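Computed from the coordinates by the stated procedures, all read-outs in this text should not be read as laboratory data. Treat the numbers as computed from the prediction; the structure is a model and nothing was measured. All Cβ positions, even for glycine, are placed from backbone atoms using ideal geometry, and neighbour counts span all protein chains on display.
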Amino acid sequence: MRSDPTKELSVKANMIYNTVGATLYYFCIWLASVLIVRMSGFEDAGIFSLAITVTNAPAVVSLFNMRNYQASDLRGEYTDKTYITSRTVSNLIALIICVGMILFYRYDLMKSMTVLAYMLFKVVEGAADVYYGIDQKKGRMDYAGISLSIRGLGSFAAFLIVFRLTNSLLICFLVMTLVSLSVVFFYDRRMVKPLLDGRETDNLKKQVFALLLTCLPLAVVFFLNNLSIMVPRLALESYFGSEVMGYYSSVSTPTVVVQVAAQTLIAPLVPGLTRRFQDKDKKGFLKAICGFYLFAAVLTVIAVVLAYFFGEWLLVTFFGEGILPYVYLFIPILLMSVLIAVNCSLFAILTLMRIIRPQYVIGIAGILAAIVLSLTMVKTMSMDGVVWATLITIFIQTGIQIVMMLVGIRKQFHG
């Protein structure tokens, strides 16, 4: 007998599916960017890195940082159709921005087409994300986790096979996009159908505009937050050159997988936390938050222990013995990545509490701190300075977030 496709899974099951799927997906993308060096050399690796760098800002626009707002919209302020349509709009805007950046930097034709092809891949990510938001709100993150796993493995397989046959990143990115789009079209759209609210939207254009305007602060702060993390790294490259930057990036790239895994843990909790907050269940709300951060702390300890025993082996295996003088940075950067994930989880909690416009303060404080610390610590301490500048920036943001959260809790439960 077939199980009910609309029945909510447990928080634990949702957490496992989402974390495994997202970790596998981003690990596959990261592994492709690492293997390109061994398969082709540093020139193609540089183009791959260029594509990732150029599409970073447009990808932020594509997602519009709407996922947490969507997943916590339990009262149906906006219809599912409105969210899906808004993603089409934001994807088109993101593509236009990417084309504008390509024209501004005047890349040659092949580089331009390659970057644009990778942007198409990121647009499909954006299209999938809006369906994952519906899965998340309805407690069926098994659909999202399975989709992420298939897209990750499929894209990685396409990358390996196509690059071996064609030695062309452009064709690789196009085929990866087609593989990913096929999963979204044939799997995600089909699985999400029973979960859709089915409501018609009066004046869809007006509702889409209202939704984008509501989430604009979230998109701006998300952009500023990403930029504040990048500023110390950009300063490192500016002060000490590409080689030093290359060593730092090599040490830090494996920690991205840990960061993504940690960030995905909060997603299955958002609908439940929203219900407790809206129902003024203070005890349940605080218990869920404390339980989450306790669980995250335990996983962090495990990750640090594994890094202590296997970190050097991992880095040397991927990057050679030339990385040995910088292995000491691995655990500090790992802890930094976990704190970045904690920072992102607090943004999710503030969003479900509908503390949105005040988040501008967090984004502005973060970017100002990152600039000041980059001009001082990074300039004098090199790679160590990047770690300290990023840590202090995240601590400042996290402090503001905690104050805002406590004020919001006080207003909701005691106001």
**Prompt:** Which value, in debye to the nearest 20, describes the size of the charge dipole of the chain about its Cα centre when Lys and Arg Cβ atoms bear +1, Asp and Glu Cβ atoms bear -1, and nothing else is charged?
**Reply:** 1380
**Prompt:** When the dipole is taken about the Cα centre of segment 1-201, and only Lys, Arg (+1) and Asp, Glu (-1) are charged at their Cβ, what size is it in debye, to the nearest 20?
**Reply:** 260
**Item:** Size of charge dipole - segment 216-415 - debye, nearest 20, with Cβ of Lys, Arg +1 and Asp, Glu -1, no other charges
**Value:** 1240
**Message:** Can you compute the label reach from Leu160? Point 7 Å from Cα along the Cβ direction, backbone N cut-off under 13 Å, restricted to segment 239-278.
**Reply:** none
**Item:** Gained length - Thr214 relative to Ile402, 0.36 nm times residue gap less alpha-carbon distance
**Value:** 65.4 nm
**Asked** What list of ³J(HN,Hα) values in whole Hz, one per residue of segment 169-179 in order, does the Karplus curve 6.51 cos²θ - 1.76 cosθ + 1.60 (θ = phi - 60°) give from phi, with Gly and Pro shown as x?
**Response** 5, 4, 5, 4, 5, 5, 5, 4, 5, 5, 4
**Request:** Based on other C-beta atoms within 10 Å, arrange Tyr187, Tyr83, Tyr360 from fewest to most.
**Result:** Tyr360, Tyr187, Tyr83
**Message:** Which of Tyr293, Tyr105, Tyr239 ends up with the largest GNM mean-square fluctuation for the chain, with Cα atoms connected below 10 Å?
**Reply:** Tyr105
**Message:** If I stretch the segment between Leu92 and Glu312 completely, what's the gain in nm (0.36 nm per residue apart, minus their alpha carbon distance), one decimal?
**Reply:** 74.9 nm
**Item:** Expected 222 nm ellipticity per residue - DSSP helices of 4 or more, -39500 (n - 2.57), all of the chain, to 500
**Value:** -28500 deg cm²/dmol
**Message:** Sort Arg199, Arg140, Arg276, Arg75 by Cβ crowding within 10 Å, fewest neighbours at the top.
**Reply:** Arg75, Arg199, Arg276, Arg140
**Item:** Residues Trp388, Trp313 arranged by fewest to most Cβ contacts within 10 Å
**Value:** Trp313, Trp388
**Fill in**
Dividing the alpha-carbon radius of gyration of the chain by 2.2 N^0.38 Å, where N counts its residues, gives 0.97
**Derived scalar couplings ³J(HN,Hα) [segment 302-316; Karplus, 6.51 cos²θ - 1.76 cosθ + 1.60; whole Hz; x for Gly, Pro]** = 4, 5, 5, 4, 4, 5, 5, 8, 10, x, 4, 4, 4, 5, 5
**Fill in**
Yeah, segment 198-319 with a ≥ b ≥ c from its alpha-carbon gyration tensor (a/c under 1.5 is rounded, else prolate when a/b outruns b/c, oblate otherwise) is oblate
**Prompt:** For segment 50-204, what does the alpha-carbon gyration tensor say about shape, rounded, prolate or oblate, given a ≥ b ≥ c as the root eigenvalues, a/c under 1.5 as rounded, and a/b over b/c as prolate?
**Reply:** oblate
**Prompt:** Taking the chain as a Gaussian network, where each spring joins two C-alpha atoms under 10 Å apart, which residue of Lys138, Lys283, Lys193 fluctuates the most?
**Reply:** Lys283
**Prompt:** Mind listing the phi-derived Karplus ³J(HN,Hα) values for segment 364-380, rounded to whole Hz, using 6.51, -1.76 and 1.60 with θ = phi - 60°, and x for any glycine or proline?
**Reply:** 5, 4, x, 5, 5, 4, 4, 5, 4, 5, 5, 6, 10, 5, 5, 5, 9
**Request:** With springs connecting C-alpha atoms under 10 Å apart, model the chain as a Gaussian network and identify which of Leu286, Leu236, Leu269 has the largest mean-square fluctuation.
**Result:** Leu286
